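The values are calculated or read from the model by the stated rules, or taken from the named source; none is laboratory data. These figures come from a predicted structure and were not determined experimentally. Here the Cβ is made from the backbone with ideal geometry for all residues, glycine too, and neighbour counts use every protein chain on show. Accessible surface areas use protein heavy atoms only, side chains included; no ligands, DNA or RNA. Shrake-Rupley method; radii C 1.70, N 1.55, O 1.52, S 1.80 Å.
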Amino acid sequence: MGIGNFGNMMKVMNAWNTFKQNHPKFPAFCSAVSKRGICEGSILEVTYISPEGEKLTTNIKVQVSDIELLRQISGGD
């Protein structure tokens, strides 16, 4: 790992720590979902609400390939 990569990693870690302080329920939610396991057929839903009240919602029905992607992203090969 080069020094530049280490610096970037530290920036990400600092940003993540700030995010956790600002939104303490989100990591707990992710942990709870992780403990239950995301399985094929589960539905993940995300809603965006602007300060003006505009609301956009989408969801995905989890497929096997989605689980593999999440495993790779999380480093759980």
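The numbered conditions (1) open to solvent by 100 Å² or more (accessible area, probe 1.4 Å); (2) out of contact with any helix residue (DSSP H, G or I) (no Cβ under 6 Å at 6 or more places or on another chain); (3) in a loop (DSSP other than H, G, I, E, B) are all true for GLY75 except (1). The combined condition, being touching a Gly at 6+ places or on another chain (Cβ under 9 Å), among the β-branched types (Val, Ile, Thr) and open to solvent by less than 100 Å² (accessible area, probe 1.4 Å), is fulfilled by VAL62.
A single member of GLY7, GLY37 is more than 16 Å from the chain's Cα centre (by Cα) and free of Cβ contacts under 8 Å to residues at least 12 places away in the same chain, and it is GLY7. Annotation note: Cβ proximity below 9 Å between a residue of region 45-63 that is without any contact (Cβ under 8 Å) to a residue 60 or more places away in the chain and under 23 Å from VAL33 (Cβ atoms) and a residue that is basic (Lys, Arg) and loosely packed, with under 10 Cβ neighbours inside 10 Å (sequence gap 6+ or interchain) occurs for THR47/LYS55; TYR48/LYS55; ILE49/LYS55.
Would you please name the residue that is farthest from GLN72 (Cα to Cα), looking only at residues in region 13-52 that are open to solvent by 100 Å² or more (accessible area, probe 1.4 Å) and hydrophobic (A, V, I, L, M, F, W, C)? Checking each candidate, the answer is ILE49. Checking the stated criteria, LYS55 turns out not to satisfy the condition of being of a type in the set (Lys, Arg), at pLDDT 90 or above and surrounded by 10 or more Cβ atoms within 10 Å (Cβ to Cβ).
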